[in-house]
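Colleague: I'd like to ask you about the structure that follows.
The values are calculated or read from the model by the stated rules, or taken from the named source; none is laboratory data. Just so you know, these numbers come straight off a predicted model, no measurement behind them. Cβ atoms come from the backbone with ideal geometry, glycine included; neighbour counts cover every protein chain shown.
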Amino acid sequence: MSNKFLSLLAVCFLVFSCKSEDKKTEENAESTETNAVKKMLVQMEVIQTTANNYAVYYTEDNSINFTPDYVIWNEVKPSPNVQTLDFSFPESAYPTHVRFDLGNNPQTDDVVLNKFKLSYGDKSLEAKGSDFFNYFLKNDSIATEIDQAKGSIKFLKKKGSKAVPFFYPNEVMMLEIAKLMK
């Protein structure tokens, strides 16, 4: 009889201890999700047929004083196909303004931007390339062609020009970034 009692006690112990481990695992999974680190991510879908380097500059002080201390670079490989570029901000970054620099290669070809996306945590702003100037100021030294049908914008390279195609945020973009970061 004591053997049966000990066996029954061992089975009960195993059943209850396993349930408690399952509960702990579920609690750990939930706490990991709530403690997930939020950070800004900018994505661009581009067509770039020459090698280049793109940058996203940012500030955290509500100014447009962009400096090399706050920049994320991304190497662009030459391709006639669409490629997605990811600009992942440091975890500690809390951007208030962003500036897009679409290449520093003076020998570059035209650049086609199909869309761009800014996300922070579960919030995001996604826009077609054709809506680019709804969020950024025009740079008069860079000619553009907007294709509403494709939803893209093409940044045209002027022969002999060494102008870097960079674009400052407008008021709408600043407000959208503030919404994302709340």
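Colleague: Looking only at strands (runs of 3 or more DSSP E) that lie completely in segment 106-182, which have at least 2 residues being of a type in the set (Val, Ile, Thr) and closer than 21 Å to Gln83 by Cα?
Modeller: Fully inside segment 106-182 and qualifying: 111-120, 143-147.
Colleague: Considering only residues that are assigned to a strand (DSSP E or B) and not β-branched (Val, Ile, Thr), look in segment 59-76 and name the one that is surrounded by the most Cβ atoms within 10 Å (Cβ to Cβ). Break it down stepwise before answering.
Modeller: Going through segment 59-76, the residues assigned to a strand (DSSP E or B) turn out to be 59, 71-76.
With the extra rule that they be not β-branched (Val, Ile, Thr), the set shrinks to 73-75.
Details: Trp73: 11, Asn74: 16, Glu75: 9.
Looking at residues that are assigned to a strand (DSSP E or B) and not β-branched (Val, Ile, Thr), I get Asn74.
Colleague: If you don't mind, another one. Considering every residue within segment 98-114, establish whether at least one is surrounded by fewer than 20 Cβ atoms within 10 Å (Cβ to Cβ), in the same structural domain as Glu145 (by TED's automatic domain parsing) and either of a type in the set (Lys, Arg) or under 16 Å from Leu180 (Cβ atoms) (or both).
Modeller: No, segment 98-114 has no match at all.
Colleague: Let me ask something else about it. Just checking, how many residues over segment 63-87 are touching a residue at least 40 places away in the same chain (Cβ under 8 Å) and out of contact with any Lys or Arg (no Cβ under 9 Å at 6 or more places or on another chain)?
Modeller: 4
Colleague: Sticking with this one: Any residue in segment 125-140 that is among the polar types (S, T, N, Q) sitting within a Cβ distance under 8 Å of a residue that is part of a strand (DSSP E or B)? List the pairs, counting only those 6 or more apart or interchain.
Modeller: Final answer for the pair search is Ser130/Ile146; Ser130/Asp147; Ser130/Ser152; Ser130/Ile153; Asn134/Ala127; Asn139/Phe166; Asn139/Phe167.
Colleague: Pick out the one residue from Ser88, Ser141, Ser124 that is small (Gly, Ala, Ser), out of contact with any strand residue (DSSP E or B) (no Cβ under 8 Å at 6 or more places or on another chain) and exposed (fewer than 15 other Cβ atoms within 10 Å of the Cβ).
Modeller: Details: Ser88 fails: out of contact with any strand residue (DSSP E or B) (no Cβ under 8 Å at 6 or more places or on another chain); Ser124 fails: out of contact with any strand residue (DSSP E or B) (no Cβ under 8 Å at 6 or more places or on another chain).
Ser141 is the lone residue from the list that is small (Gly, Ala, Ser), out of contact with any strand residue (DSSP E or B) (no Cβ under 8 Å at 6 or more places or on another chain) and exposed (fewer than 15 other Cβ atoms within 10 Å of the Cβ).
Colleague: Continuing with this model, one more query. Any idea which residue in segment 24-66 is farthest from the chain's Cα centre (by Cα), counting only those that are modelled with pLDDT of 50 or more and basic (Lys, Arg)?
Modeller: Looking at the filtered set, the residue picked out is Lys38.
Colleague: Considering each residue of segment 155-175, count those that are surrounded by fewer than 18 Cβ atoms within 10 Å (Cβ to Cβ) and touching a strand residue (DSSP E or B) at 6+ places or on another chain (Cβ under 8 Å), and give that number. Walk me through how you get there before you give the answer.
Modeller: The initial filter retains those residues of segment 155-175 that are surrounded by fewer than 18 Cβ atoms within 10 Å (Cβ to Cβ), namely 156, 158-164, 168, 170-172, 174-175.
Okay, now just the ones that are also touching a strand residue (DSSP E or B) at 6+ places or on another chain (Cβ under 8 Å), so 156, 158, 164, 168, 170, 174.
Result for segment 155-175: 6.
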